[in-house]
Amino acid sequence: MIDKKYLPYINGLIELAISEDIGDGDHSSLATIPSDRRGRMRLLVKQPGIIAGIEVAKMIFQRLDPQIIFDQKIEDGTRVEVGDVAFYIEGRTQSLLQAERIVLNIMQRMSGIATQTAVYVKEVDGLKCRILDTRKTTPGARVLDKMAVKIGGGENHRMGLFDMIMLKDNHIDFAGGVYNAVMKTKEYLAQTGRSLPIEVEVRSLEDIDEVFRAGGVERIMLDNFTPELTRVAVEKIGDRSEIESSGGITLANLRSYAECGVDFVSVGALTHQIKSLDMSLKACE
């Protein structure tokens, strides 16, 4: 079930996709298919992985033609194999063809993200560490990227710049250091009446001391720390703050960071270095 808070973003994205792809008409279908012709199609999986985007596909079909019959066979988050059928659709052939590429583009990318996320999540199996996405997403389609991460078993970091305070290296350098950046942030939140969690990126063990000197920080991000230095930092921080590792973390060294005792590892590659899952939407009986 799609979270209601995402619906405005998804509906807007669908409208943009329809405008971008269909424009003033699908003239190929209009020229060759009678308007009253009905057809049936199936979504066929052509590559193993985690399927995602079925619920969004349903929204696309319903937006283009509320009369389309959507016969769903599996749920988002299901591990699929070659030859599996995610759903059948039946309705006006012109409507089915209008939706075809939009649905495939979205489902293939979302499934690729979900599949890759599941690989990272499996790598930290048995540990307390959770895998987070980042803001390295497709502009305009972030909500779909983040939904796919969740479907793949990961967790979402902040949606954007508006729902969390995250003081990164540039904020800190422009503000004159970690302590100044945190204090200015606390003043800003008090003045504006906002209640937002604060996360601070640190680049050294000394930065951690500055974070706690300022106080009021919910999470510390260890940026480009080695696993060895991460262990020292985790011991230094203890239970005074949540701990996130980021930067230079790959599938090959992920577990070594997770074993240090961090609460989270954020991985930009979940959404910006993915391979779409192959699938097709073809006519059937």
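The values are calculated or read from the model by the stated rules, or taken from the named source; none is laboratory data. This is a predicted model, so every value here is computed, not measured. Here Cβ is always computed from backbone atoms with ideal geometry, including for glycine, and neighbour counts include all displayed protein chains. When the accessible area is computed, the model is the full protein with side chains, heavy atoms only, and any ligands, DNA or RNA have been set aside. Shrake-Rupley method; radii C 1.70, N 1.55, O 1.52, S 1.80 Å.
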One quarter of the convex hull surface, Cα atoms only: what value does that give for region 199-258 in nm²? 3.7
Charge dipole (debye, nearest 20) of the chain; +1 at Cβ of Lys and Arg, -1 at Cβ of Asp and Glu: 480
Listed residue (Gly126, Met59, Phe87) projecting farthest to the positive dipole end of region 57-139, Cβ model: Gly126
Hey, how many Å between the Cα centroid of region 227-285 and the Cα centroid of region 68-90? 29
Ignoring ligands, DNA and RNA, what accessible area per residue does region 46-94 give at 1.4 Å, in Å²? 46
Estimated vicinal HN-Hα couplings, Hz - region 55-70 in sequence order (Karplus 6.51, -1.76, 1.60; Gly, Pro = x): 5, 5, 4, 4, 5, 5, 4, 5, 5, 7, 7, x, 8, 5, 8, 10
Determine the alpha carbon to alpha carbon distance for each of Lys128/Lys186; Lys73/Lys282; Lys128/Lys150 and list only those over 19 Å. Lys128/Lys186
To the nearest 0.05, what FRET efficiency results for Phe212 and Ala252 with a Förster distance of 30 Å applied to their C-beta separation? 0.40
Restricting things to alpha carbons, find the Rg to Rh ratio for region 115-252 using the Kirkwood radius for Rh. 0.97
Taking the Cβ-Cβ separation of Glu235 and Thr192 as r and a Förster radius of 22 Å, what is the calculated FRET efficiency to the nearest 0.05? 0.05
Accessible surface of the chain, 1.4 Å probe, proportion on carbon and sulfur as whole %: 49
Too long for a 30 Å Cα-Cα cut-off, among Lys46/Lys146; Lys58/Lys168; Lys122/Lys236; Lys146/Lys236; Lys5/Lys168, are Lys58/Lys168; Lys146/Lys236
Estimated inter-spin distance, Ser204 and His171, nm [label 7 Å along Cα→Cβ]: 2.1
Taking amide H positions as placed in the peptide plane 1.01 Å from N, state which residues far from Asp223 in sequence (5 or more) or on other chains have amide H under 5 Å from it. Val202
Ignoring everything except DSSP H segments at least 4 long, calculate the 222 nm mean residue ellipticity for the chain; use -39,500 (n - 2.57) per segment, divide by total residues, nearest 500. -13500 deg cm²/dmol
Solvent-accessible area per residue for region 132-285 (1.4 angstrom probe, square angstrom): 48
R0 of 41 Å, Cβ-Cβ distance His27-Asp163: FRET efficiency to nearest 0.05: 0.45
Using the alpha-carbon atoms, what tilt in degrees (0 to 90, nearest 10) does helix 142-151 show relative to the longest principal axis of the chain? 90
How far apart, in nm, are two points set 7 Å out from the Cα along the Cα-to-Cβ line at Glu285 and at Val119? 3.9
With the cut-off at 1.5 for a/c, could you classify region 183-285 from its C-alpha gyration tensor as rounded, prolate or oblate? oblate
Relative to the chain, whose Cα atoms define the longest principal axis, helix 178-192 and its Cα axis are tilted in degrees, nearest 10, by 60
Computed over region 1-83, the distribution of all Cα-Cα distances in 10 Å bins, rounded to whole %, is 13, 37, 37, 12, 0
Identify which of the listed values of Rg and Dmax of the Cα atoms in Å was calculated from the structure shown: (1) 23.5, 68; (2) 18.7, 61; (3) 22.7, 72. (3)
Could you state how much accessible area Thr93 has, in square angstrom rounded to the nearest 10, with a 1.4 Å probe and all protein chains kept in place? 20
Percent antiparallel among DSSP beta bridges confined to the chain, rounded to 5, stands at 50
Ordering of 43-51, 20-28 by packing [mean C-beta count within 10 Å, highest first]: 43-51, 20-28
Between Glu55 and Arg40, what is the spin-label point distance in nm, taking each point 7 Å from the Cα along the Cα→C-beta axis? 2.8
